[in-house]
Amino acid sequence: MPQSTGAERLNVWIVHPADADGQVLVSTLRRAGAQAEYVWPPPERWPAHVDAAYWLLAGRPRALPTASEETDTALIAVLEPGVAELQRLLGDCSPHAVLSKPLHPFAILTSLMAARSVARYERRLKAKVRKLEETLRSIRQVEQAKVILMRVRNFGEQEAYEFLRKRAMDRRVPVGSVAAAIIEANDFLTS
Amino acid sequence: METVRRDRHSVGSEPWRIGVLFSRTGVTAVIEQSQLQGTLLALEEVNSAGGINGRELVPVIYDPGSDPTKFARYAHKLLTEDRVTMIFGCYTSTSRKAVLPLVERWNGLLWYPTLYEGFEYSPNVIYTGAAPNQNSLCLAEYLMERLGDRFYFVGSDYVYPRESNRIMREFISARRGTIVGEEYIDLRADRARFKAVIREVGRAQPDIVFSTVVGEATAHLYQAYCEAGLNPATMPLASLTTTESEIRLMGAEVGCGHYTSAPYFERVDTGKNASFVARYKKRFGADEPTNMCVEAAYFQIHVFARALAEIDVMDTDLVRMFVLGSEFDAPQGVISIDSETNHTQLWTRIGRAGRDGQFEIVLETQGPSKPDPYLICAR
């Protein structure tokens, strides 16, 4: 391919039988510089450390991939005509891109590019959500720790905040973890 | 679709390209022009030292004319047509919020060298200006200890002043102070509007007038205050945004006696500042002042350049990884980029403007303080 596809050195699973179609998938991806390997029958668990997976969606529920929070594998659903309940299948596995048979090398690579772009954006959004959730938790924990400090050490509100900030700075940890430690210690001491 | 960057690695002496978005025209050009200059000075320093691994660092510069929709349009152009991933720019929160979804979608990195209202996080922004816990809190305490506890809020009418005032109100109330008035004024309002506001302020007799007026309008506010004959010794204006540049615009005698809280003033006495100020004035003119926004725009280029020199590839995720947690000896003192928040550990100072248009530093922290944009640990 004269155009760059971003497939170089990618780790790709071909969750598809090693038949004629499987051959087209593997050879197209290897020609584009990716490391493609068959994984058939479909694995029980969602892949880790795999950049992309082409997954043949058959009718049987066991074969359905479900995206897990921990991995960023780009999922390309491979579809054959005649698959039952296609809409529900696609809705359930929420692929980043689809590839319909008959297979074409051009479509194989474009679906990979699209899927990776979408998967990366999704990963960034999830990371931002996780960070914001952590921030909300910290706010709650710091409030609780502040109340404990004011009661147990007779601090004023400002003093309590200053105490927490200083501990966090000295130990180079987030203020939320200092607060969590104080809450836990207090639980032990008062239970 | 995210653009695939094929030209990222060192290819001979092809230049590295970055985006720059500061207004040279429009209502906030008075301060953004200075941020552009700080950016250019840093770029020239990087390039005259040999560039980054032998390659020149070249800015792609657009003037959004103080218009947030133009900020969005040019950011889009930079990310998708000009194929840059790093954007150094924005002053108003409105402009930053316009650019934010674009850098998130295309995995760019916005380097934002301006104080703001906090309560924000993005993996695609590095915030090098002050968060409220790094300027507002200190200013509220300082003023209340010395002048009294009655505040009048005057601000420009957009998200930053309103949110900033919400936070300031919380700080003041926690210390038993009161807000005796609150007024928001269009960014493009004329002198007459400010005269009317100052009349109201005079009637309310607060101890402190907390100003979040930005841009050219700053001059109108302070001039109206001056013309009304109010006294900075007993009812000063106190701001987070009035810098040496706004003071120059309004006139030194008009700015005299009023307070600003900032990480940096031109008069700051650190190892690096004297030579920084000298180089800036040599490049842009003897009567061009430095200010906190210039200084942030300046050091953020150097922080980036150092990261790029190490990794030698214009990759957002790698740049971010290298930049977070890194330290730099900036004109304000040593700063570091905080990996929890993508904000910056900054120094806190309070200055009082003098007759010469420069700030006398009346309070200074012993070291930089951690940013707490969500006020997890501050009240």
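No value in this document is a laboratory result; all are computed from the given coordinates. Quick caveat, the model's predicted, so the values are computed rather than measured. Cβ sites come from the backbone with ideal geometry, for glycine too, and all protein chains shown count toward neighbours.
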GNM of chain B, Cα pairs under 10 angstrom: of B:R105, B:R55, B:R306, the biggest fluctuation goes to B:R105
Please compute P(r) over all alpha-carbon pairs of the protein assembly as shown, binned at 10 Å starting from zero, and give each bin as a whole-number percent.
3, 16, 23, 22, 17, 11, 6, 2, 0
Using Cα-Cα distances under 8 Å and only pairs 6 or more residues apart, what relative contact order does chain B have, in percent?
19
Across A:A127, A:A160, A:A77, the residue with the highest GNM fluctuation in chain A (Cα network, 10 Å cutoff) is A:A160
Rough spin-label spacing in nm, given labels placed 7 Å along Cα→Cβ, for A:L189 and A:E162
2.0
Rg ratio (alpha-carbon, reference 2.2 N^0.38 Å) - the range B:166-317
1.28
Integer Hz, Karplus 6.51/-1.76/1.60 couplings in order for the range B:138-150, x for Gly and Pro
4, 5, 4, 4, 4, 5, 5, 5, 10, 10, x, 10, 9
Quick one: P(r) of chain B from all Cα-Cα pairs, 10 Å bins, percents rounded to integers, in order of increasing distance.
5, 25, 34, 23, 9, 3, 0
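What does the C-alpha gyration tensor say about the overall shape of the range B:257-379? Classify as rounded when a/c is under 1.5, otherwise prolate if a/b is larger than b/c, or oblate. If you can, show how the numbers build up before the last one.
On the way: a/c = 2.66, a/b = 1.34, b/c = 1.98.
Since a/c reaches 1.5 but b/c is at least a/b, the shape of the range B:257-379 is classed as oblate.
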Which percent, to the nearest 5, of DSSP beta bridges fully inside chain B are antiparallel?
35
Per GNM of chain B with C-alpha springs under 10 angstrom, the most fluctuating residue out of B:L139, B:L41, B:L363 is B:L363
For the protein assembly as shown, give the share of DSSP beta bridges that are antiparallel, in percent and rounded to the nearest 5; count only bridges with both residues there.
25
Of the listed pairs B:K272/B:K370; A:K126/B:K370; A:K146/B:K370; A:K128/B:K370; B:K77/B:K370; A:K131/B:K97, those with alpha carbons more than 27 Å apart are B:K77/B:K370
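Could you grab the relative contact order for chain A? Cα pairs under 8 Å, six or more apart, rounded to a whole percent. Present the calculation step by step, with values, prior to reporting the outcome.
Details: 261 pairs, mean separation 29.7, N = 191.
Answer for chain A is 16 percent.
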Given H placed on each backbone N at 1.01 Å, which residues far from B:V213 in sequence or on other chains put an amide H within less than 5 Å of it?
B:S156
Under the Karplus curve 6.51 cos²θ - 1.76 cosθ + 1.60, θ = phi - 60°, whole-Hz ³J(HN,Hα) for the range B:27-34, x wherever Gly or Pro sits:
5, 9, 4, 3, 9, 5, 4, 5
If eta is 0.692 mPa s and T is 37 °C, what Stokes-Einstein diffusion coefficient results for the range A:129-190, Kirkwood Rh from Cα pairs, in µm²/s?
280
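Using the count of nearby Cβ atoms within 10 Å as a rough guide to exposure, how do A:E37, A:E133, B:E163 rank from fewest to most? List each step's numbers first, then the result.
Values: A:E37 13, A:E133 10, B:E163 19.
Fewest to most other Cβ atoms nearby, the residues stand as A:E133, A:E37, B:E163.
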Integer Hz, Karplus 6.51/-1.76/1.60 couplings in order for the range B:196-203, x for Gly and Pro
5, 5, 5, 4, 4, 4, x, 5
Residues whose built amide H sits under 5 Å from the amide H of B:G181, excluding neighbours closer than 5 in sequence, are B:F153
Output the peptides A:115-122, B:186-193 sorted from most to least packed, where packing is the average of other Cβ atoms within 10 Å over each peptide's residues.
A:115-122, B:186-193
Can you tell me the orientation of helix A:157-171 relative to chain A, as the angle in degrees between its alpha-carbon axis and the longest Cα principal axis, to the nearest 10?
50
Based on the Kirkwood radius over alpha-carbon pairs, what value in µm²/s does the Stokes-Einstein equation return for the translational diffusion coefficient of the range A:87-128 at 37 °C and 0.692 mPa s?
286
In nm, to one decimal, how far is the modelled label at B:Q205 from the one at B:D287, with both set 7 Å along Cα→Cβ?
4.0
Using only the alpha carbon atoms of the range B:1-139, find the Kirkwood hydrodynamic radius as the inverse mean reciprocal pair distance, in angstroms to one decimal.
15.7
Listing A:S177, B:S336, B:S136, A:S138 by rising number of other beta-carbon atoms within 10 angstrom, fewest first, gives A:S177, B:S336, A:S138, B:S136
Between the range A:118-172 and the range B:154-176, what is the separation of their alpha carbon centroids in Å?
22
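How would you rank A:E44, B:E246, B:E45, going from fewest to most other Cβ atoms within 10 Å of each one's own Cβ?
Sorted ascending by nearby Cβ count, the order is A:E44, B:E45, B:E246.
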Alpha-carbon Debye profile of the range A:11-127, log10 I(q)/I(0) at 0.12, 0.14, 0.20 Å⁻¹
-0.37, -0.52, -1.12
